[in-house]
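Since the structure comes first, as structure tokens, the remarks are kept for the end.
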Number of protein chains: 2
Amino acid sequence: MSNKDIITLLHGAGGSYMHSLIKNVFMKLNDNYGEVGLEMLDDAAVINDTVISTDSFIVRPIFFKGGDIGRLSVSGTVNDIAMMGGNPIALSLAIVMEEGFPLSDLEKIVDSIKKTAEEADVHIVTGDTKVMEKGSLDKIIINTSGIGNRPPQLDYNINTLRKNRQPSRWLVPTNLRPGDKIIVSGTIGDHEISILSSREGIGFEANVKSDVAPLNKLMLKLLEVGGIADAKDPTRGGLADLLNDWSEKSGLGIYIKEEDIPVREEVRAAVEFLGMDILELSNEGKVVLAVSPEYEKDVLEELHSDPLGKYATTIGEVRKDISGVIMETVIGGQRYVGRPIGSPVPRIC
Amino acid sequence: MSNKDIITLLHGAGGSYMHSLIKNVFMKLNDNYGEVGLEMLDDAAVINDTVISTDSFIVRPIFFKGGDIGRLSVSGTVNDIAMMGGNPIALSLAIVMEEGFPLSDLEKIVDSIKKTAEEADVHIVTGDTKVMEKGSLDKIIINTSGIGNRPPQLDYNINTLRKNRQPSRWLVPTNLRPGDKIIVSGTIGDHEISILSSREGIGFEANVKSDVAPLNKLMLKLLEVGGIADAKDPTRGGLADLLNDWSEKSGLGIYIKEEDIPVREEVRAAVEFLGMDILELSNEGKVVLAVSPEYEKDVLEELHSDPLGKYATTIGEVRKDISGVIMETVIGGQRYVGRPIGSPVPRIC
């Protein structure tokens, strides 16, 4: 078998390889069902005003600085629903463990799931447990799937967009218009660098905690401010994948300034040491917003009043005079930001 | 660590070990949310008339006689929703693969998913793909989660139960009443024996196909007949686990006759050869029904008119003068049917 005929780590890494796999193999499942269906390649779907999303979590190590696989499993699916504008209400929890997995670790994970679900105000309503023979699975995999409903705050927000565009009823990339401001809710790269520094044998340590957190309550407050065209969390593939996605799906260009991207000093140092691109790092507690310019100030103000949005800042805008994603570098030049072929680190989520 | 402190294969095998794990570890997640929540320990939950269910599939081999992991993944979740009385409409699909997994196998699985989803008339609306390093996962795990709505046929069916009981609005064990007939929709054990005979190195071969199939359309037809108090599919833990579940949750006894349980000759021979208990074998295309006696004949007639219910038969009844599950054996004796400690075969689903 040639390399073309097998699944590689890149096929699960949130970049161009994964997008090709989805388009070439999974798109045959698409039957254009629902208001936002599989064809949108978004992180959630909408069926009769119910938002539905799923994610499997394979992160390693299972306990890391700032979080664990349990907190990640709840936050990941809650955030996917919230990014669509939905209000997550219930999650399913399916756990697959390796024979010999310590019961005490399972209990710690379940405690973390409980705590995070309470924080997000979502309910775990059904579940499934499977066990695989020793040696056939590395420790544990968790899947959460979730449903959300349509909050009144979303209706209000969509109404604020009506004067200058015909928006979808949901937060989707086709809502973007030239002039929209690109806002990130805080520092970039914390999750991926935390995971890396929690791994044994990497030979570097950084005092960085993962940002993993449920963002649904913050999102409801932002929708109440209004002017939000789309929201997305920069997980696998990071900012680079997210912005390319927006550019492709909206048919518009995106211009960002490197110096405006908030990055912790420890993360910047780690990135330089490891030779990675900050734009490709994954995050689990950040949202990127495309905001109508007249709402920029109010959205930033609301973000700054919340611990999860304390370091929010505008990093760029949507433009029609350019195509793709262009970044103005700190030294004043410009460079195209391509879609990453995939996250450089396996099993970050 | 002692054996008590680690997860064993039995913890995922659908019997008493798994029930203890759920009660001791996962029940702390329960917050009594929803009409049918986690506390019911059912295969699906109900939130605002939306049925939600999840299952991860780890079956080995991934292609077996009569089916494959793709067909199983769709049928399993569709059936869990249908057993609650729900009408499944949309599924999510989350796949975790091992690095090196053949793309051609993935394509075969996705084709099978597509075909089975069409057969069940459900839509795959969202998904997730992850890849683990070679050696850290045996081939592939699939999670499907699904939502269903409340079909008018369920309202009709519940109304047929109103004269002699105060039923739940859904198909749940507390609907059972003394005198209800226990009906199985066909031959028992086909799935588990097919899986075993598809495995290398077991040293026996049986010409038995798995019964794996979506049962939702059959269930809607049965609800239209009426008189159905509860329905459940005898998957992991088989008939023994299912009937004990019904007995425990309804507080009633169940009496069945061994000679009335439909079993294929090849399955009976395999069970004797392998020293297994037919009551503990898992099925993936069968439903067990508790039916109000005045509807027994019509339900059986409807079942016999459908290829999936061709060999349906009454195997017993609900009684208040006994407790637990008792089986009249072929030689005329009686024996208690206990809850199995778990399926004897790992990774049957």
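Observations on the structure shown:
- The protein assembly as shown, dipole about Cα centre (Lys/Arg Cβ +1, Asp/Glu Cβ -1), debye to the nearest 20: 340 debye
- Distant-in-sequence amide H partners of residue B:263 (H built 1.01 Å from N, under 5 Å): B:188
- Between copies, residue A:119 shows label-point distances of 4.3 nm, shortest first, with the point placed 7 angstrom from Cα along Cα to C-beta.
- Residue-by-residue Karplus 3J(HN,Hα) for segment A:265-279, coefficients 6.51, -1.76, 1.60, Hz, glycine and proline x: 4, 5, 6, 4, 5, 5, 4, 5, 4, 8, x, 9, 9, 3, 5
- Multiplying the residue separation of residue A:28 and residue A:311 by 0.36 nm and removing their Cα-Cα distance gives an extension gain of 97.7 nm.
- Among B:235, B:50, B:129, the largest mean-square fluctuation in a Gaussian network model of chain B (Cα springs under 10 Å) belongs to B:129.
- In order along segment A:19-29, the Karplus-derived 3J(HN,Hα) couplings, from 6.51 cos²θ - 1.76 cosθ + 1.60 at θ = phi - 60°, round to 4, 5, 4, 4, 5, 7, 10, 7, 5, 5, 7 Hz, and Gly and Pro are given as x.
- Using the alpha-carbon positions of segment A:101-225, Rg (one decimal) and Dmax (whole number) come out as 20.0, 60 Å.
- Hz values of 3J(HN,Hα) by residue in segment B:178-188 - Karplus curve (6.51, -1.76, 1.60), Gly and Pro given as x: x, x, 4, 8, 9, 10, 10, 7, x, 5, 9
- When the Cα positions of B:327, B:250, A:324 are compared along the charge dipole of the protein assembly as shown, B:250 comes out farthest toward the positive end, with charges on each C-beta of Lys, Arg, Asp and Glu.
- Between copies, residue A:294 shows label-point distances of 6.6 nm, shortest first, with the point placed 7 angstrom from Cα along Cα to C-beta.
- Cβ-based exposure ranking for A:232, A:163, in which fewest neighbours within 10 Å come first: A:163, A:232
- Multiplying the residue separation of residue B:331 and residue B:224 by 0.36 nm and removing their Cα-Cα distance gives an extension gain of 34.7 nm.
- Shape category assigned to segment B:16-76 from the gyration tensor of Cα positions, a/c cut at 1.5: oblate
- Packing-based exposure ordering (other Cβ within 10 Å, fewest first) of B:304, A:19: B:304, A:19
- Cβ-placed point charges (K, R +1; D, E -1), dipole of chain A about Cα centre in debye, nearest 20: 460 debye
- Low-density loop cleavage sites - chymotrypsin sites (Phe, Trp or Tyr not before Pro) in segment A:203-271, where at most 16 other Cβ are within 10 Å (DSSP): A:204
- Loop sites in segment B:71-149: trypsin sites (Lys or Arg not before Pro), DSSP, at most 15 other Cβ within 10 Å: B:134
- P(r) tail fraction, chain A - alpha-carbon pairs more than 28 Å apart, %: 40 percent
- Here the contact order of chain A, divided by its residue count and restricted to Cα pairs under 8 Å and six or more residues apart, works out to 23 percent.
- In this structure the amide hydrogen of residue B:315, modeled in the peptide plane, comes within under 5 Å of the amide hydrogens of B:182, B:183, B:184, none closer than 5 places in sequence on its chain.
- Other-chain or far-sequence residues with amide H under 5 Å of residue B:123's (modelled H): B:90, B:91
- Shown here: the protein assembly as shown, whose C-alpha atoms stretch 91, 52, 41 Å along the first, second and third principal axes, sorted largest to smallest.
- Straight-line cross-link partners of residue B:257 among the lysines, defined as a Cα under 21 Å from its Cα and at least 8 positions apart when in the same chain: B:181, B:232, B:286, B:297, B:310, B:320.
- Placing a label point 7 Å from Cα along the Cα-to-Cβ axis, residue B:31 is separated from the same position in the other copies by 3.5 nm, shortest listed first.
The numbers here are math on the coordinates, done by the rules we state, and not lab data. Quick caveat: nothing in here was measured; it's all calculated off a predicted structure. Neighbour counts are summed over all protein chains in view; Cβ atoms, including those assigned to glycine, are modelled from backbone coordinates with ideal geometry.
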